[in-house]
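Everything below concerns the one structure shown next.
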Amino acid sequence: DVKVTQSSRYLVKRTGEKVFLECVQDMDHENMFWYRQDPGLGLRLIYFSYDVKMKEKGDIPEGYSVSREKKERFSLILESASTNQTSMYLCASSGGYYNEQFFGPGTRLTVL
Amino acid sequence: AQSVAQPEDQVNVAEGNPLTVKCTYSVSGNPYLFWYVQYPNRGLQFLLKYITGDNLVKGSYGFEAEFNKSQTSFHLKKPSALVSDSALYFCAVTSNNAGNMLTFGGGTRLMVKP
């Protein structure tokens, strides 16, 4: 069974902290994605990666960075967390082009 | 730039009745369209996609969607709704110009009442 796992379901951090969100997939997919989900706004793409060490900015990359050192792992980094980064963060992976993305369960991040 | 509109925040339907969740899109190039569903406290699950070919696409759990190029729409349908279909539904689009970068709509909450 295909699986995308995320390091935490719930996370509470303080303003200014550095935050790491980790995502692991076991499907040998080359594409991995980070989204944030906010009510009424749907999912917005933060970054995606199409290969190890490769990344592309999505629609809302400001305040975020990513790291992909191994094919199965894609990390999202909030360099200095702010309250407006309180959100649900979803990781996904896919293979090839125009194929369905498989999503992790999400991390609900609260920044105080 | 590509965009997706889901004009209804919520759709209410009685169990056993047909349901429609609306989606319209805007892309440059050839559109590739997807529907995903999110059940409470769970991640998104893929329902169906249109890439090319037949305009009527069948997917999981008895759902189907019709691609209409002239109306730039991709409405999700099911002939007979179940209470268990109650969830949040997202339409998404990409194109041959955007590769794997999906743009999602804002989501539509489907409520099926017994």
Cβ-Cβ under 8 Å pairs, at least 6 apart or on other chains, segment B:90-107 side at negative phi and in a strand (DSSP E or B), far side acidic (D, E) and surrounded by fewer than 22 Cβ atoms within 10 Å (Cβ to Cβ): B:T103/A:D59
Out of A:E56, A:E100, A:E22, which single residue is away from chain B (no Cβ under 14 Å) and charged (D, E, K, R)? A:E22
Is it the case that some residue within segment B:93-109 is open to solvent by 30 Å² or more (accessible area, probe 1.4 Å), modelled with pLDDT of 95 or more and within 21 Å of B:E15 (Cβ to Cβ)? yes
Is one or more of the residues making up segment B:32-51 charged (D, E, K, R), in contact (Cβ under 8 Å) with a residue 12 or more places away in the chain, crowded, with 18+ Cβ neighbours inside 10 Å and part of a strand (DSSP E or B)? yes
How about segment A:4-56: which strands (runs of 3 or more DSSP E) wholly inside it have at least 1 residues that are among the aromatic types (F, W, Y) and either touching a residue at least 24 places away in the same chain (Cβ under 8 Å) or open to solvent by 30 Å² or more (accessible area, probe 1.4 Å) (or both)? A:10-13, A:19-25, A:31-38, A:42-51
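Based on this model, can you work out whether A:K71 counts as charged (D, E, K, R), more than 12 Å from every other protein chain (Cβ to nearest Cβ) and open to solvent by less than 80 Å² (accessible area, probe 1.4 Å)?
When the stated conditions are applied, A:K71 passes them.
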What is the residue count in segment B:4-24 for residues that are more than 13 Å from every other protein chain (Cβ to nearest Cβ), part of a strand (DSSP E or B) and either open to solvent by less than 30 Å² (accessible area, probe 1.4 Å) or of a type in the set (S, T, N, Q) (or both)? 7
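The values are calculated or read from the model by the stated rules, or taken from the named source; none is laboratory data. Treat the numbers as computed from the prediction; the structure is a model and nothing was measured. Quick reminder, even Gly has a Cβ in these numbers, built from the backbone with ideal geometry, and neighbours come from all protein chains shown. Side chains are part of the model used for accessible areas, which takes the heavy atoms of the whole protein and leaves out ligands, DNA and RNA. Shrake-Rupley method; radii C 1.70, N 1.55, O 1.52, S 1.80 Å.
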